[in-house]
Amino acid sequence: MASVALSEAEKVYIVHGVQEDLRVDGRGCEDYRCVEVETDVVSNTSGSARVKLGHTDILVGVKAEMGTPKLERPNEGYLEFFVDCSANATPEFEGRGGDDLGTEIANTLYRIFNNKSSVDLSSLCISPREHCWVLYVDVLLLECGGNLFDAISIAVKAALFNTRIPKVRVLEDEEGAKDIELSDDPYDCIRLSVENVPCIVTLCKIGCRHVVDATLQEEACSLASLLVSVTSKGVVTCMRKVGKGSLDPESIFEMMESSKRVGKVLHMSLQSILHKEESLGPKRPKVGFLG
């Protein structure tokens, strides 16, 4: 992960400020930076989204393709995640430098979505045991400015909200052979319900307190962080600790409670902006990569 070098004096300044609930950029401990969300930014995908969280810039594209259901889940489709850490995001990602981080992020996304309540995978099934929709979710890190996991989870949820899958009819002839007919009407499609898709809230322990949406400088002052996957109803679906430091049980409980509060507000704001953007229709101004 991208890192930044700080002097001891800078670290002391950041740590002391966090203890007073006053961070370097003026935010409180539970405040997010300004989040910019734009959907439908890549034309040759089934759904896409771009999220900018401070100096962190994430692009997500979703491609729907037909496949065969997995043996253990014959009546469901499934999602595949791929994360590409662009060398433009930070020099540390040059060569194979970002491979380990990409694998770590992809495995975290698999854990989050390995839950029947997150996405209705049965709606992706076309013909049990034979055909289903496979959603390939490609995540590209364009710029790394701290708090990657939160930004990526927001971008994935926005891209899934934007995803449109063509409707399919299964026709059977007199001999029992099945033929699949794909609708060519772009408006004749199915949409995924993302109401229960969780978002990640990362809490970094700095001194005796914890902060959400840490910058690279604040991450350099933290020895341990807790990644909490929270739904719009404040339900925690999974947790993961990162970093070399340790967390005591009391701190973990406090961080979980903070993640529930922050997660509810985050989901509410995201859903509001997604529905508002969609209500503008095709006439909405697109910023894309020129903004």
Subject >> Greater than 20 Å apart at Cα, pairs in K52/K276; K70/K233; K70/K157; K157/K233 >> reply: K70/K233; K70/K157
**OP:** Using only Cα atoms, locate the centre of region 78-119 and the centre of region 20-35, then give the distance between them in Å, rounded to an integer.
**Re:** 27 Å
Original post:
Using heavy-atom solvent-accessible surface (probe 1.4 Å) with all chains present, what is the largest-first order of L59, L22?
Top reply: L22, L59
Original post:
For K11 and D188 in one chain, what is 0.36 nm times their gap in residues minus the Cα-Cα distance, to one decimal in nm?
Top reply: 58.2 nm
Subject >> Most to least accessible of R129, R284 (protein chains only, probe 1.4 Å) >> reply: R129, R284
Original post:
Over the chain, what relative contact order in percent results from Cα pairs under 8 Å that are six or more residues apart?
Top reply: 19 percent
Original post:
Residue separation times 0.36 nm, minus the C-alpha to C-alpha distance between E36 and C238: what's the value?
Top reply: 70.1 nm
**OP:** Kindly sort S46, S279, S127 by accessible area of their heavy atoms, largest first, with the probe set to 1.4 Å.
**Re:** S279, S46, S127
**OP:** Using only protein heavy atoms and a 1.4 Å probe, report how much of D120 is accessible, in Å² to the nearest 10.
**Re:** 90 Å²
Original post:
Tell me, what is the 1.4 Å probe accessible area of R191, in Å² to the nearest 10?
Top reply: 100 Å²
**OP:** Subtract the Cα-Cα distance of E254 and E104 from 0.36 nm times their separation in residues, and report this length gain in nm to one decimal.
**Re:** 51.5 nm
Subject >> Listed values [x] 1, 3, 5, 6, 7, 6, 6, 5, 5, 5, 5, 4, 4, 3, 3, 3, 3, 3, 3, 2, 2, 2, 2, 1, 1, 1, 1, 1, 1, 1, 1, 1, 1, 0, 0, 0, 0, 0, 0, 0, 0; [y] 1, 5, 11, 15, 17, 16, 12, 9, 6, 3, 2, 1, 1, 0, 0, 0; [z] 1, 4, 8, 11, 13, 12, 9, 7, 6, 5, 5, 5, 4, 3, 3, 2, 1, 0, 0, entry calculated as P(r) over Cα pairs in 5 Å bins from 0, in percent >> reply: [y]
Subject >> Proximal aspartates and glutamates to K63, defined as alpha-carbon separation beneath 13 angstrom and excluding residues fewer than eight positions away on the same chain >> reply: D40, E80, D138
Subject >> Whole-number percent relative contact order across region 125-232, with pairs defined as alpha carbons under 8 Å at least 6 apart >> reply: 25 percent
Subject >> Solvent-accessible area per residue for the chain (1.4 angstrom probe, square angstrom) >> reply: 52 Å²
**OP:** Give me the percent of the accessible area of the chain that comes from carbon and sulfur atoms, probe 1.4 Å, all protein chains in place.
**Re:** 52 percent
Original post:
By how many degrees, 0 to 90 and rounded to 10, does the Cα axis of helix 99-113 deviate from the longest principal axis of the chain?
Top reply: 70 degrees
Original post:
Under a point-charge model restricted to the Cβ atoms of Lys and Arg (+1) and Asp and Glu (-1), what is the dipole moment magnitude of the chain relative to its Cα centre, in debye to the nearest 20?
Top reply: 680 debye
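The values are calculated or read from the model by the stated rules, or taken from the named source; none is laboratory data. Since the structure is predicted, the reported quantities are computational estimates derived from the model, not experimental observations. Backbone-built Cβ (ideal geometry, glycine too); neighbour counts: all protein chains shown. To get the accessible areas, we keep the full protein, side chains included, count just its heavy atoms, and leave off ligands, DNA and RNA. Shrake-Rupley method; radii C 1.70, N 1.55, O 1.52, S 1.80 Å.
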